[in-house]
Structure formats: structure tokens, C-alpha cells
1. For the subset of region A:50-78 comprising residues that are open to solvent by 10 Å² or more (accessible area, probe 1.4 Å) and facing chain B (nearest Cβ under 8 Å), which member is nearest to B:H52 (Cα to Cα)?
2. Sort out which residues of region A:50-85 are modelled with pLDDT under 95, outside any helix (DSSP H, G or I) and either over 15 Å from A:L18 (Cβ atoms) or of a type in the set (D, E, K, R) (or both), and write them in order of number.
3. Is one or more of the residues making up region A:1-17 within 14 Å of another protein chain (Cβ to nearest Cβ), within 20 Å of B:E59 (Cα to Cα), open to solvent by less than 60 Å² (accessible area, probe 1.4 Å) and of a type outside the set (G, A, S)?
4. Only one of (1) crowded, with 17+ Cβ neighbours inside 10 Å; (2) assigned to a loop (DSSP other than H, G, I, E, B) fails for A:A47. Which number is that?
5. Could you tell me which residue of region B:18-40 is surrounded by the fewest Cβ atoms within 10 Å (Cβ to Cβ), considering only residues that are touching a strand residue (DSSP E or B) at 6+ places or on another chain (Cβ under 9 Å) and among the aliphatic types (A, V, I, L, M)?
6. Out of B:R29, B:R88, which single residue is over 30 Å from A:N51 (Cβ atoms) and among the basic types (K, R)?
7. Hey, can you tell me all the residues within region A:14-28 that are free of Cβ contacts under 8 Å to residues at least 60 places away in the same chain and outside any loop (DSSP other than H, G, I, E, B)?
8. Would you mind stating whether B:D97 is at pLDDT below 95, surrounded by fewer than 19 Cβ atoms within 10 Å (Cβ to Cβ) and farther than 25 Å from A:K35 by Cβ?
2 protein chains.
Amino acid sequence: MTDDQIQERLNARPGWTLKDDKWLVKKYRFPQYMKGIEFVQQTAMSAEALNHHPMISIEYRLVTISVTTWSEGGITALDFELTDRCDRLYGAMCGTD
Amino acid sequence: MTDDQIQERLNARPGWTLKDDKWLVKKYRFPQYMKGIEFVQQTAMSAEALNHHPMISIEYRLVTISVTTWSEGGITALDFELTDRCDRLYGAMCGTD
């Protein structure tokens, strides 16, 4: 995927940023701690279904998702599939972010 | 808690290390991805019960737990209570580590 293609897709996805040219990163904030944990669990199930696993970090009510395609050394369409699933899950749980 | 007290407790807890003088850190490895996610969920429930929340990071089947007591700027007995709960949870799920 070219830099332009990545930037175009990022522009359409609020909150997602590119880090070190190979990570798509977004921070999600939750009203309760266990809500964030539920989001992590559902994201993980989605990741298993795609066989594409993000890095996840949990700092109290803040959950950070970072995705990349190791085998390609950068961003692929699969990464954006995962970003969209995360956004849909968050939207379903917490409304728009 | 003095450095000696911390070191003594760390010696009795395999896998736990001290980082930057204020974090207790341990990495847990899981046979399946979703097993690690289950561990995270159970750890989170334990953290809620203690009202003491660790940092958690998930990199595929590797889960890293980092605990500190922000209000004290370092390690307290409560941190070791959480380390022990994590170890017991992991032991119950995966046997000894």
C-alpha cells in the first residue's frame, strides 16, 4: 500500500494515526474500566477471526490499539479491516467516539 | 516499602522484576491467544475488586502486567497483593509458570 493510499484511508478514519511508518494507532477511552476490558475481549475475538492480532495496551480506562502486518513490514488492507472492526465495536458499545 | 523489603518479596516471586524503581513487571506466556485474553479479563476483575489497576499489554500470546501505586510514587504492599493474584490466576489457568 502506498503512502498516499494509507493517508487517504487515515483521513477517513478519525482518531487513527500512523506511527513509525508501520503502525496504525488509536486510543479509545471508556466510561468504566470493565467496559474497556469488554472492548479488548471483543477486539481479540475479531482479531482471532481475521487471524490478525493487534498490540493492545490497557491503562485504566484508556485502551490503545496498534496494528501492523509483520509479514509485509508495513500497513496492508488487512490492517484497515481491523481498524474498522475496532471502530464498529467501540461505536456499538459507547456511541461515536 | 524499603528497597530491601521490595527485593525480599521479589526474590520470593519468580518472574517479577523491578523496573525504574517503581514498577513490578512480569511477562506471562499463553498456549493460545484467547487464553491470554481470558487471563486479562480475570486480572481486570481482580484489579477492580482491589481498586488497584495494573498496566496490561497484549502482544499476541504474551501478556505483560506492570503494577505500581501512583498515589505513593512507588511500590506498596497492595502491589504485591496484585502480583500474587496474577500468579494464582495464571497458575489456575496454565499450571506453574
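1. A:Y60
2. none
3. No - not one qualifying residue is present in region A:1-17.
4. (2)
5. Our first condition is that a residue be touching a strand residue (DSSP E or B) at 6+ places or on another chain (Cβ under 9 Å); within region B:18-40, this holds for B:18-19, B:21-30, B:33, B:36-37, B:39-40.
Within this subset, residues satisfying the condition of being among the aliphatic types (A, V, I, L, M) are B:18, B:24-25, B:37, B:40.
Numbers: B:L18: 14, B:L24: 23, B:V25: 18, B:I37: 24, B:V40: 25.
Looking at residues that are touching a strand residue (DSSP E or B) at 6+ places or on another chain (Cβ under 9 Å) and among the aliphatic types (A, V, I, L, M), I get B:L18.
6. B:R88
7. Hits for region A:14-28 are A:T17, A:L18, A:K19, A:W23, A:L24, A:V25, A:K27.
8. yes
The values are calculated or read from the model by the stated rules, or taken from the named source; none is laboratory data. Computed from a predicted structure; not experimentally measured. Cβ coordinates were reconstructed from backbone atoms using ideal geometry, including for glycine residues, and neighbour counts include every protein chain displayed. The accessibility values were calculated without ligands, DNA or RNA, using every heavy atom of the protein model including side chains. Shrake-Rupley method; radii C 1.70, N 1.55, O 1.52, S 1.80 Å.
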